[in-house]
Amino acid sequence: ARELLSQSTLFIAKEMVSGEKLSDARDFLVTYLSKYGLDKESVEAWDILDQCHLKLGQQLEGAGNYTEALKEFSAIREEGAYFHEAQQDISRLWLINQQDHFKRQTVSQLMKEAEEHFQAQRYLTPVNRNAYAAYQAVLSLEPTNNVAKKQIEKIKDIYRMNGERDFQQHDYAKAISAFEMYMLIDPQDNTIKEKVI
């Protein structure tokens, strides 16, 4: 009976997804998985739910609703097939959100602000007031700026080294936090992805 329920649930969910009723499919799967999510038959349902979150997030991003898009991307499971793509989307949205603050500044103003944030160790936070976002704003105005590129590499090195140190000391909560910050800058780094997983 459970297997039959699973098959019918998957059929209905897939029909909703193919009909672009992503919100309905998401809500339908959440209800099903809240009751039967630990069964071995539910693995495919989790994958479809992650797919719904990803597609909804992309639609919301396209409509300019970045906050809701981030919620959808963040709901995707770490062990799921769509996790890394969602992390790239989160990284991109995070950067878009931060760039608004820097739009009316010159390169020299941005470099000064970036250096102040860097010296104060505000590498990625707070939002709109950090070194990485300021250096990225510099690169958007002057793509060949070597100082900004080198400083971004330094920020990456700081998070990678902190993550590695905490990982070696078995402080996994701190390690994953550092690695996740690193992945906001470089979501393509497979060695860090593996450590996070």
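The values are calculated or read from the model by the stated rules, or taken from the named source; none is laboratory data. The shown structure was predicted, so the numbers you read here are calculated from the model rather than taken from an experiment. Ideal geometry is used to build each Cβ from the backbone, glycine not excepted, and the neighbour counts take in all protein chains shown. Please note that ligands, DNA and RNA were not included when accessible areas were found on the heavy atoms of the full protein model with its side chains. Shrake-Rupley method; radii C 1.70, N 1.55, O 1.52, S 1.80 Å.
Overview of results
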quantity: Net charge contributed by nearby residues that have their C-beta within less than 9 Å of L60 (K/R +1, D/E -1); calculated: -2
quantity: When the convex hull of its Cα atoms is projected in every direction, mean area for segment 1-131 (nm²); calculated: 9.7
quantity: The chain, accessible area per residue, ligands and nucleic acids excluded (1.4 Å, Å²); calculated: 56
quantity: Sequence ranges 129-141, 145-157, ranked by mean other-Cβ count within 10 angstrom, highest first; calculated: 129-141, 145-157
quantity: Residue-by-residue Karplus 3J(HN,Hα) for segment 119-126, coefficients 6.51, -1.76, 1.60, Hz, glycine and proline x; calculated: 4, 7, 6, 8, 6, 10, 9, x
quantity: Global geometry of segment 47-197, whether rounded, prolate or oblate, following the gyration tensor of its Cα atoms and the 1.5 cut on a/c; calculated: oblate
quantity: Separation between Cα centres of segment 22-41 and segment 142-183, rounded to whole Å; calculated: 36
quantity: Of K103/K174; K71/K150; K71/K154; K71/K193; K103/K193; K156/K193, pairs whose Cα-Cα distance is over 23 Å; calculated: K103/K174; K71/K150; K71/K154; K103/K193
quantity: Sulfur and carbon atoms: percent of accessible area, segment 1-133 [1.4 Å]; calculated: 52
